[in-house]
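Asker: Before we start, here is the structure in question, set down as structure tokens.
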Amino acid sequence: MTRYEPWRGLALWGQEEETAALEVLRSRSLFRYYGPELLHRTDSFERELAELLEVPHTVAVSSGTAALACALIGLGIPEGAEVIMPAVTFVACANAVVWARGVPVFAEVDDTLTLDPVALAEKVSDRTWGVLPVHLNNAAADLDPILAVARRHDLVVLEDAAQAAGVRYRGRRAGSLGDAGAFSFQLEKNITAGEGGAVSVRDPLAHQRIVRYQDQGGQFTTARGESRAQAAEPFLGVNLRMTELTAALLRVQLGRLDPMLAHLRSVAAEVRAALPELHWRRLPDEEGSGGDLTFFLGSRLEARDRVAALTADGIPAHTLYQGQPVYSSPAIRAGRTPWGTRWGTPARCRDSEGLLGRSVTISLGATMTAADVRAVITALRG
Ligand SMILES: Cc1ncc(COP(=O)(O)O)c(C=O)c1O
């Protein structure tokens, strides 16, 4: 048993979510494009998310993985093109690149636990098409130097903001600085409906392609507005549509986002300030962060023991991704995709392996009280 719930958006679910869900159920119109009494909740969610992010377009889809794949496909990734991503991330990043027929390439992270811009520049080759920086655990990646490398080599930038909805980097929201951004609304995320995702995108043609791709190539979207014959660049798609029920829940959750991030940020700042002797993860923008409590110890063994001790004290602690870089997955190591073997064993990122293995992360919860914060500080003082 942990002494507080480590959930983010889910911890705040209440009457408003129930009412929003009930309205959709009573309308019997759970499909976003038509129904007996369509409430257009998905259209509204897309508009509200775009306003929050200050981007021209967003597209709601069924998951964060779908959002990544839609963005890559919408931005026109060529077959076999390489996309550079950090060695420390969730496997969905590699999976989405494979889905879009690209090849994932892994680069070192630095003490921000996000993509190291120097390592990124070293990995760029004539096969590189894009870069996929990941905003890990509610802290933004250091985007300015990453964007500079991308500009120098004419690379597409897709931000993975699955774990950082609402977080800011130098005043702008994660997912709004590159060519596109991807968000997840899975159960652990800042705003959640259990599952769900969204793409933010600047270019109108890429936006149009994403809208069509997630809807069987424009099964219902083109039927509503332009005719299929008029559609520029028609191409086949799949079904990755968001349901009205999901969007209704997410609209309520979106309204809770900024106060929740402010709370998490103040909790993290208080704990970090109380323990300046710990080697905290560097946050490229502490002000804009949504709060993260990750620190590094001297060895893997020390980190494992500290996680065990914190857990015994009821504090939800873990080492991110069990201390394993994303390429340690047997399928990635073997280059095995659903379409056959596509690459050889990726080069190891030993600095990232070291940092990740020696790290300890305490999960923050949206409903943490002052007593919970004191308990975390006491447990960390050990
Ligand atoms: C960094 C990152 N990218 C992508 C995803 C994929 O999101 P989903 O689980 O909604 O497909 C996740 C989900 O955990 C994630 O953490």
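Asker: Based on what the data block shows, is VAL24 part of a strand (DSSP E or B) and either within 16 Å of the ligand (Cβ to nearest atom) or farther than 29 Å from THR294 by Cα (or both)?
Answerer: No, not satisfied.
Asker: Okay, next question. For a quick check of your reading: which helices (runs of 4 or more DSSP H) sit entirely within region 241-335 and have at least 1 residues that are assigned by TED's automatic domain parsing to the domain that holds GLN186 and more than 18 Å from the chain's Cα centre (by Cα)?
Answerer: 244-274
Asker: Looking for something part of a helix (DSSP H, G or I) and within 16 Å of the ligand (Cβ to nearest atom) - is there at least one such residue anywhere in region 112-130?
Answerer: No, because not a single residue in region 112-130 is part of a helix (DSSP H, G or I) and within 16 Å of the ligand (Cβ to nearest atom).
Asker: Considering (1) buried (at least 24 other Cβ atoms within 10 Å of the Cβ); (2) at negative phi, say which one ASP203 fails and leave the rest.
Answerer: So the condition that ASP203 fails would be (1).
Asker: Go through region 60-75 and give me each residue that's touching a strand residue (DSSP E or B) at 6+ places or on another chain (Cβ under 8 Å) and either more than 12 Å from the ligand (Cβ to nearest atom) or hydrophobic (A, V, I, L, M, F, W, C) (or both).
Answerer: Those that are touching a strand residue (DSSP E or B) at 6+ places or on another chain (Cβ under 8 Å) and either more than 12 Å from the ligand (Cβ to nearest atom) or hydrophobic (A, V, I, L, M, F, W, C) (or both): ALA60, VAL61, ALA66, ALA67, LEU68, CYS70, ALA71, LEU72, GLY74, LEU75.
Asker: Which pairs have Cβ atoms under 7 Å, sit 6 or more apart or on different chains, and link a residue in region 174-199 that is modelled with pLDDT under 95 to one that is in a loop (DSSP other than H, G, I, E, B) and away from the ligand (no atom under 11 Å from the Cβ)?
Answerer: Short answer, once both residue conditions are applied: none.
Asker: State which residue pairs qualify: first residue under 11 Å from PHE183 (Cβ atoms) and inside region 54-66, second residue of a type in the set (Val, Ile, Thr) and in a strand (DSSP E or B) in any location, beta carbons under 6 Å apart, and separation of 6 or more residues or different chains.
Answerer: The qualifying pairs are VAL59/VAL199.
Asker: So VAL88 clears everything in (1) assigned by TED's automatic domain parsing to the domain that holds GLY197; (2) part of a loop (DSSP other than H, G, I, E, B); (3) under 26 Å from VAL252 (Cα atoms); (4) in contact (Cβ under 8 Å) with a residue 60 or more places away in the chain except one condition, right? Which one?
Answerer: (3)
The values are calculated or read from the model by the stated rules, or taken from the named source; none is laboratory data. Just so it is clear, the model here is predicted, and its values are computed rather than measured. All Cβ positions, even for glycine, are placed from backbone atoms using ideal geometry, and neighbour counts span all protein chains on display.
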